[in-house]
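Asks: After the structure tokens below, expect a handful of questions from me.
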Amino acid sequence: MTVARSHPDIEIIQFSISIEGQEPLFVPVLGAEKIEFKIPENSKYVISIHFKAKKTLKNFKYQQVVKRHGITVKNRELEVGDYEASEEVYVKEFPEDSTPGGFIVRGVYPATSTYFANDEELMTTEWSLEITKKK
């Protein structure tokens, strides 16, 4: 697995996360040393990816794998679509998701995002998700 932050075909700029009852948060990817999300337990949220297509992207897909103690606890693949090469920053909103609750699920989960287009894997980025106590 190649871990990268950029690829000649695509530039992932940032993620935004809208957690129910909170202002949207922006998590930089491009140029970031670490990519970290914190989401309270029992929360509904929507994540959006902000990216530039440096080349035409056909059948652009996103795969997310979240683990806990080496065991996959979430694996989802999302169709992003087809995009023409442009300096425009595209934004794709993913379907609503939710975090589980309880003291057992709180903690940090290592995760990876893998990007596919034009029938090939473009890159994989590592990040972490922390499920925190709801205030």
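The values are calculated or read from the model by the stated rules, or taken from the named source; none is laboratory data. Model, not experiment: these values are computed from the prediction. FYI the Cβ positions are ideal-geometry reconstructions off the backbone, even for glycines, and counts take in every protein chain you see. When the accessible area is computed, the model is the full protein with side chains, heavy atoms only, and any ligands, DNA or RNA have been set aside. Shrake-Rupley method; radii C 1.70, N 1.55, O 1.52, S 1.80 Å.
Asks: Suppose we keep only residues that are in a strand (DSSP E or B) and free of Cβ contacts under 8 Å to residues at least 60 places away in the same chain within the range 103-112. Which one would you say is farthest from Lys61 (Cα to Cα)? So that I can check it myself, show each step before the final result.
Replies: Pass one, the range 103-112, residues in a strand (DSSP E or B): 107-112.
From what is left, the residues that are free of Cβ contacts under 8 Å to residues at least 60 places away in the same chain are 107-111.
Working: Gly107: 28, Val108: 25, Tyr109: 22, Pro110: 20, Ala111: 17 Å.
That would be Gly107.
Residues are listed down the side, and each one gets a yes or a no for (1) over 16 Å from Gly107 (Cα atoms); (2) open to solvent by less than 30 Å² (accessible area, probe 1.4 Å):
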site	(1), (2)
Gly31	yes, no
Ile39	no, yes
Asn42	no, no
Thr56	yes, no
Phe60	yes, yes
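Asks: Here's a follow-up. For the range 39-51, which positions are in a strand (DSSP E or B) and not β-branched (Val, Ile, Thr)? Don't jump to the end; show me each part of the working.
Replies: First, pick out the residues of the range 39-51 that are in a strand (DSSP E or B): 39-40, 44-51.
Within the range 39-51, Pro40, Lys44, Tyr45, Ser48, His50, Phe51 qualify.
Asks: List the pairs whose first member sits in the range 113-128 and is over 19 Å from Val66 (Cβ atoms), whose second member is of a type outside the set (Ser, Thr, Tyr) and not in a strand (DSSP E or B), and whose Cβ atoms are under 7 Å apart, counting only residues at least 6 apart or on separate chains?
Replies: Ala117/Asp9; Leu122/Asp9
Asks: In the set Lys38, Lys52, Lys34, which member is touching a Ser or Thr at 6+ places or on another chain (Cβ under 6 Å) and among the basic types (Lys, Arg)?
Replies: Numbers: Lys52 fails: touching a Ser or Thr at 6+ places or on another chain (Cβ under 6 Å); Lys34 fails: touching a Ser or Thr at 6+ places or on another chain (Cβ under 6 Å).
Testing whether each residue is touching a Ser or Thr at 6+ places or on another chain (Cβ under 6 Å) and among the basic types (Lys, Arg) leaves just Lys38.
Asks: Let me ask something else. Answer yes or no: is there a residue in the range 2-25 that is within 17 Å of Ser113 (Cβ to Cβ), open to solvent by 80 Å² or more (accessible area, probe 1.4 Å), polar (S, T, N, Q) and not in a strand (DSSP E or B).
Replies: Yes, some residue in the range 2-25 is within 17 Å of Ser113 (Cβ to Cβ), open to solvent by 80 Å² or more (accessible area, probe 1.4 Å), polar (S, T, N, Q) and not in a strand (DSSP E or B).
Asks: Now a separate question. Got at least one residue in the range 86-97 being in contact (Cβ under 8 Å) with a residue 24 or more places away in the chain, over 28 Å from Pro8 (Cα atoms) and loosely packed, with under 13 Cβ neighbours inside 10 Å? Even if it seems obvious, please write down each step before you answer.
Replies: Initial filter on the range 86-97 (in contact (Cβ under 8 Å) with a residue 24 or more places away in the chain): 86-97.
Add one more test, that the residue is over 28 Å from Pro8 (Cα atoms), and what stays is 96-97.
Right, trim to loosely packed, with under 13 Cβ neighbours inside 10 Å and you get 96.
Checking the range 86-97: at least one residue is in contact (Cβ under 8 Å) with a residue 24 or more places away in the chain, over 28 Å from Pro8 (Cα atoms) and loosely packed, with under 13 Cβ neighbours inside 10 Å.
Asks: How many of the residues making up the range 64-122 are closer than 19 Å to Ser18 by Cα and of a type in the set (S, T, N, Q)?
Replies: Final tally of qualifying residues: 4.
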